[in-house]
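Participant: One structure, as structure tokens, below. Some questions next.
Every read-out reported here was derived from the displayed coordinates using simple, explicitly stated rules and does not represent laboratory data. Remember, it's a predicted structure, so these values are computed and weren't measured experimentally. Virtual Cβ from ideal backbone geometry, glycine too; neighbours counted across all protein chains shown.
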Amino acid sequence: MEERKVRREEEVVMSMDEYLQAHEFNVEASSQAPLRCPECGSTKFIYSYERGEITCAVCGYVVTDKVIDQGPEWRAFTPEEREKRSRVGAPLTRATPDNLTTVVDWRGKDALGRELDYRRRMDMMRLSKWQKRSRIQTSLERNLQQANMELERIASQLELTKPVKERAMEIYRRAVESGLVRGRSIESVMAAAIYAACRELKIPRTLDEIAKFTKGGKKDVARCYRLLLREGCIKVPLADPVDFVPRIAEALKLRGKTIMKAIEILNKAKERGLTAGKDPAGLAAAAIYIASLLDNDIRTQKEVAQAAQVTEVTVRNRYKELAKELKIKLPIR
């Protein structure tokens, strides 16, 4: 018995040397009923998945020798090799309502591009039809499916990123579960969710830009957005005019020095409370117009207004207010 125990302890030492002491941690901190060594009562163990053993880190006692390794049975040494050998699909995403991305196609060709016979084509058409029916069964699933189509359409027009789409779908799902969509346009509620997601993630998109791709228009989208705010589905921070500066400057092809000057003007305006209650896009356009005049990288009010998607009157009024309150001396043109 003693010889077997000593041999066991030698094997544990060898496993620690060969596998760089695998994984050593305190089991008591990770479970409610801590695992204790029956020999010394320690709660520190070494998990060796290569040998399938759990051994005590203090006395070397083998607690169990039948640990199941839940990792893959293959090995990979580079990211390309890991991606090639992996057999899992894409990660789950909120942008897909049912988290199923597989689609049964019936274009009449197999994987090698060969034409299918008539009977096989009919089978594929039947499978495709029943797959669509099985994915959409309840009214909630039909609603989310239609909302997802609207999300993809608007997001493609605005060139929105995947995180924005996922957050918008999450906001819309919460609105559906709260019963806010009933009696309202799915398109308008989804547009309001997209606008809320852009505000949360600080993506410079105005309500006019988003409402332009809806049938209901700005008034209907704004009403749905206020409903989401009132019912507590979202908590949106105040829009920062600085977030709009890079996009407007990119459209006008301005220099980096001019962009930094516009951001400096907006920061001074925020310190004096001049931005409260003002349209952030209009303020950003006015600051860019002032910076272009000061830096001799001149753009007309019409060009700035078109890049910011505001009116020339807004640019004119805001730049006069900023120049007056911040005491900025503009060059005479």
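Participant: Show log10 I(q)/I(0) for region 139-230 at q = 0.17, 0.26 Å⁻¹, two decimals, from a solvent-free Debye sum over equal Cα scatterers.
Facilitator: -0.60, -1.56
Participant: Next up: Give the relative contact order (percent, whole number) for region 241-325; include only Cα pairs under 8 Å separated by 6+ residues. Working shown, then result.
Facilitator: Working: 98 pairs, mean separation 28.4, N = 85.
Value for region 241-325: 33 percent.
Participant: Find how much the distance from Leu326 to Glu303 grows on full extension, using 0.36 nm per residue of separation minus their present alpha carbon separation; answer in nm with one decimal.
Facilitator: Working it through step by step, the gained length comes to 5.9 nm.
Participant: Moving on. For labels at Asn296 and Arg87 in the simple 7 Å Cα→Cβ model, what's the distance in nm?
Facilitator: Each label point lies 7 Å from its Cα, and together they span 6.9 nm.
Participant: Would you mind computing, in nm to one decimal, how far apart the modelled labels at Lys129 and Cys59 are, each placed 7 Å from Cα along Cα→Cβ?
Facilitator: So the two model labels end up 7.1 nm from each other.
Participant: If you take all C-alpha pairs in region 187-243, what percent of them are over 19 Å apart? It would help to have the intermediate numbers written out before the result.
Facilitator: Details: 347 of 1596 pairs.
Distances greater than 19 Å cover 22 percent of the Cα pairs.
Participant: Taking a ≥ b ≥ c as the square roots of the eigenvalues of the Cα gyration tensor of region 211-273, is the shape rounded (a/c under 1.5), prolate (a/b larger than b/c) or oblate? Intermediate results must be reported in sequence, preceding the final value.
Facilitator: Working: a/c = 3.77, a/b = 1.72, b/c = 2.19.
Here region 211-273 falls in the oblate category.
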